[in-house]
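Engineer: Submitted below is the structure of interest, expressed as C-alpha coordinates.
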Amino acid sequence: MVRGKTQIKRIENATSRQVTFSKRRNGLLKKAFELSVLCDAEVALIIFSSSGKLYEFASSSIQCSIERYRRHTKHDNPTTFRSVEQNMQHLKQEAANMMKKIGLLEAAKRKFLGEGLGACSIEELQWIEQQLERSLSNVRTRKIQVFKEQIEQLKGKKKSYLMKMPSSLKMAGSLRR
(Lines give C-alpha, C1' and ligand atoms only; values in the text may rest on other atoms or scores of the structure.)
Protein backbone atom coordinates (compact mmCIF):
# COMPACT_ATOMS: atom_id res chain seq x y z
CA MET A 1 0.00 0.00 0.00
CA VAL A 2 1.36 3.40 -1.00
CA ARG A 3 0.47 6.46 1.02
CA GLY A 4 0.06 9.81 -0.66
CA LYS A 5 1.89 12.89 0.52
CA THR A 6 0.09 14.49 3.50
CA GLN A 7 -0.76 18.12 3.01
CA ILE A 8 0.51 20.14 5.97
CA LYS A 9 -2.32 22.34 7.13
CA ARG A 10 -4.56 22.51 10.18
CA ILE A 11 -6.99 19.60 10.47
CA GLU A 12 -10.47 21.08 10.78
CA ASN A 13 -12.25 18.05 12.27
CA ALA A 14 -11.55 18.09 16.04
CA THR A 15 -11.68 14.30 16.45
CA SER A 16 -9.32 13.68 13.52
CA ARG A 17 -7.02 16.43 14.78
CA GLN A 18 -6.86 14.80 18.25
CA VAL A 19 -6.18 11.32 16.82
CA THR A 20 -3.44 12.70 14.56
CA PHE A 21 -1.92 14.65 17.46
CA SER A 22 -1.85 11.55 19.63
CA LYS A 23 -0.26 9.34 16.95
CA ARG A 24 2.33 11.93 15.89
CA ARG A 25 3.16 12.81 19.50
CA ASN A 26 3.81 9.14 20.29
CA GLY A 27 5.92 8.80 17.15
CA LEU A 28 7.93 11.89 18.03
CA LEU A 29 8.51 10.69 21.61
CA LYS A 30 9.63 7.30 20.25
CA LYS A 31 12.09 8.96 17.83
CA ALA A 32 13.49 11.11 20.65
CA PHE A 33 14.04 7.99 22.77
CA GLU A 34 15.68 6.12 19.88
CA LEU A 35 17.98 9.07 19.14
CA SER A 36 19.11 9.25 22.77
CA VAL A 37 19.81 5.48 22.97
CA LEU A 38 21.36 4.90 19.54
CA CYS A 39 23.55 8.01 19.45
CA ASP A 40 24.12 8.53 23.19
CA ALA A 41 22.73 12.05 22.80
CA GLU A 42 21.12 14.16 25.47
CA VAL A 43 17.60 14.74 24.20
CA ALA A 44 14.85 16.85 25.76
CA LEU A 45 11.44 17.23 24.17
CA ILE A 46 8.56 19.35 25.45
CA ILE A 47 5.11 19.30 23.85
CA PHE A 48 2.00 21.26 24.85
CA SER A 49 -1.30 20.12 23.38
CA SER A 50 -3.88 22.62 22.16
CA SER A 51 -5.70 22.10 25.48
CA GLY A 52 -2.52 23.01 27.36
CA LYS A 53 -1.56 19.51 28.54
CA LEU A 54 2.19 18.94 28.90
CA TYR A 55 4.04 15.97 27.39
CA GLU A 56 7.78 15.66 27.88
CA PHE A 57 10.70 13.33 27.33
CA ALA A 58 14.26 13.71 28.54
CA SER A 59 17.13 11.27 28.31
CA SER A 60 18.39 12.80 31.56
CA SER A 61 16.66 15.41 33.74
CA ILE A 62 14.56 17.93 31.80
CA GLN A 63 15.72 20.70 34.17
CA CYS A 64 19.39 19.81 33.56
CA SER A 65 18.79 19.88 29.81
CA ILE A 66 17.09 23.29 30.02
CA GLU A 67 19.91 24.72 32.17
CA ARG A 68 22.49 23.32 29.76
CA TYR A 69 20.61 24.91 26.86
CA ARG A 70 20.53 28.27 28.63
CA ARG A 71 24.24 28.16 29.43
CA HIS A 72 25.04 27.16 25.87
CA THR A 73 22.98 29.92 24.24
CA LYS A 74 24.22 32.51 26.74
CA HIS A 75 27.91 31.88 25.90
CA ASP A 76 27.30 31.13 22.24
CA ASN A 77 25.36 34.27 21.45
CA PRO A 78 27.21 37.40 22.64
CA THR A 79 25.24 39.57 20.19
CA THR A 80 22.11 38.96 22.28
CA PHE A 81 23.92 40.22 25.35
CA ARG A 82 25.23 43.23 23.44
CA SER A 83 21.80 44.08 22.07
CA VAL A 84 20.30 43.84 25.57
CA GLU A 85 23.07 46.07 26.88
CA GLN A 86 22.51 48.58 24.05
CA ASN A 87 18.79 48.53 24.74
CA MET A 88 19.44 49.21 28.43
CA GLN A 89 21.69 52.16 27.54
CA HIS A 90 19.03 53.51 25.19
CA LEU A 91 16.36 53.18 27.89
CA LYS A 92 18.59 54.89 30.46
CA GLN A 93 19.18 57.78 28.06
CA GLU A 94 15.46 58.03 27.30
CA ALA A 95 14.69 58.05 31.04
CA ALA A 96 17.23 60.83 31.60
CA ASN A 97 15.66 62.88 28.78
CA MET A 98 12.20 62.33 30.26
CA MET A 99 13.44 63.48 33.68
CA LYS A 100 14.80 66.68 32.08
CA LYS A 101 11.45 67.29 30.38
CA ILE A 102 9.59 66.69 33.63
CA GLY A 103 11.87 69.20 35.37
CA LEU A 104 11.22 71.81 32.69
CA LEU A 105 7.47 71.24 32.82
CA GLU A 106 7.45 71.52 36.61
CA ALA A 107 9.42 74.79 36.41
CA ALA A 108 6.96 76.17 33.82
CA LYS A 109 4.02 75.11 36.01
CA ARG A 110 5.53 76.94 39.01
CA LYS A 111 5.96 80.07 36.88
CA PHE A 112 2.32 79.88 35.71
CA LEU A 113 1.33 79.67 39.38
CA GLY A 114 3.40 82.79 40.10
CA GLU A 115 6.21 81.01 41.92
CA GLY A 116 9.93 81.42 41.14
CA LEU A 117 9.49 84.47 38.90
CA GLY A 118 12.51 86.31 40.37
CA ALA A 119 14.97 84.84 37.87
CA CYS A 120 12.75 85.50 34.82
CA SER A 121 13.72 88.02 32.14
CA ILE A 122 11.22 90.60 30.91
CA GLU A 123 10.67 88.53 27.73
CA GLU A 124 9.84 85.43 29.78
CA LEU A 125 7.46 87.40 31.98
CA GLN A 126 5.69 88.83 28.90
CA TRP A 127 5.40 85.36 27.37
CA ILE A 128 3.94 83.96 30.63
CA GLU A 129 1.49 86.88 30.76
CA GLN A 130 0.35 86.23 27.17
CA GLN A 131 -0.12 82.51 27.87
CA LEU A 132 -2.17 83.28 30.98
CA GLU A 133 -4.32 85.79 29.07
CA ARG A 134 -5.02 83.19 26.36
CA SER A 135 -5.90 80.60 29.00
CA LEU A 136 -8.17 83.05 30.80
CA SER A 137 -9.91 83.88 27.53
CA ASN A 138 -10.50 80.16 26.85
CA VAL A 139 -11.89 79.67 30.36
CA ARG A 140 -14.25 82.62 29.98
CA THR A 141 -15.45 81.42 26.56
CA ARG A 142 -16.19 77.97 27.97
CA LYS A 143 -17.97 79.46 30.99
CA ILE A 144 -20.24 81.54 28.73
CA GLN A 145 -21.00 78.45 26.62
CA VAL A 146 -21.94 76.44 29.74
CA PHE A 147 -24.18 79.27 30.98
CA LYS A 148 -25.97 79.43 27.60
CA GLU A 149 -26.51 75.64 27.64
CA GLN A 150 -27.92 75.81 31.18
CA ILE A 151 -30.27 78.67 30.20
CA GLU A 152 -31.56 76.63 27.24
CA GLN A 153 -32.12 73.62 29.52
CA LEU A 154 -34.06 75.76 32.01
CA LYS A 155 -36.17 77.24 29.19
CA GLY A 156 -36.96 73.71 28.03
CA LYS A 157 -37.93 72.65 31.56
CA LYS A 158 -40.14 75.74 31.91
CA LYS A 159 -41.85 74.99 28.61
CA SER A 160 -42.51 71.35 29.53
CA TYR A 161 -43.76 72.45 32.95
CA LEU A 162 -46.18 74.93 31.37
CA MET A 163 -47.41 72.25 28.94
CA LYS A 164 -48.30 69.98 31.86
CA MET A 165 -49.98 72.74 33.85
CA PRO A 166 -53.82 72.83 33.78
CA SER A 167 -55.23 75.57 31.55
CA SER A 168 -56.97 77.31 34.48
CA LEU A 169 -53.59 77.89 36.16
CA LYS A 170 -52.04 79.08 32.91
CA MET A 171 -54.67 81.83 32.60
CA ALA A 172 -54.13 82.91 36.19
CA GLY A 173 -50.38 83.03 35.59
CA SER A 174 -50.80 85.16 32.49
CA LEU A 175 -52.92 87.66 34.44
CA ARG A 176 -50.13 88.21 36.98
CA ARG A 177 -47.55 89.14 34.34
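The values are calculated or read from the model by the stated rules, or taken from the named source; none is laboratory data. From a predicted model like this one, the values you see are computed outputs, not experimental measurements. Ideal geometry is used to build each Cβ from the backbone, glycine not excepted, and the neighbour counts take in all protein chains shown. With ligands, DNA and RNA removed, areas are computed over all heavy atoms of the protein, side chains included. Shrake-Rupley method; radii C 1.70, N 1.55, O 1.52, S 1.80 Å.
Engineer: Leaving out ligands and nucleic acids, and using a 1.4 Å probe, what accessible area per residue does region 6-117 come to in Å²?
Structural biologist: 85
Engineer: With each run of n ≥ 4 DSSP H residues scored as -39500 (n - 2.57), what mean residue ellipticity at 222 nm is computed for the chain after dividing by its residue count and rounding to the nearest 500 deg cm²/dmol?
Structural biologist: Taken over the chain, the calculation gives -26000 deg cm²/dmol.
Engineer: So, taking all protein chains as they sit and a 1.4 Å probe, how much accessible area belongs to GLU123, in Å² rounded to tens?
Structural biologist: 120
Engineer: If you don't mind, there's one more thing I want to ask. Within straight cross-link reach of LYS53, meaning Cα distance under 24 Å, which lysines are found once same-chain residues fewer than 8 apart are removed?
Structural biologist: LYS9, LYS23, LYS30, LYS31
Engineer: Here's another thing I want to ask about it. Return, for the Cα atoms of region 116-169, the radius of gyration and Dmax in Å, separated by a comma.
Structural biologist: Cα-based Rg and Dmax for region 116-169 come out at 22.7, 72 Å.
Engineer: Given the peptides 128-135, 31-38, arrange them by the average over their residues of other C-beta atoms within 10 Å, most packed first.
Structural biologist: Ranking, from highest mean packing down: 31-38, 128-135.
Engineer: Could you work out what % of the accessible surface of the chain is carbon and sulfur, using a 1.4 angstrom probe and leaving DNA, RNA and ligands out of the count?
Structural biologist: Values: 9420 of 16150 Å².
Looking at the chain in its full context, I get 58 percent from C and S.
Engineer: Just subtract the alpha-carbon distance of SER83 and ILE66 from 0.36 nm times their residue separation and send over the number in nm, one decimal.
Structural biologist: Length gained between SER83 and ILE66: 3.8 nm.
Engineer: Shifting gears a bit: Past 29 Å, Cα to Cα: identify those pairs from LYS74/LYS100; LYS111/LYS148; LYS101/LYS148; LYS109/LYS143; LYS74/LYS101, in the order given.
Structural biologist: Going by Cα-Cα distance, LYS74/LYS100; LYS111/LYS148; LYS101/LYS148; LYS74/LYS101 fall outside the 29 Å limit.
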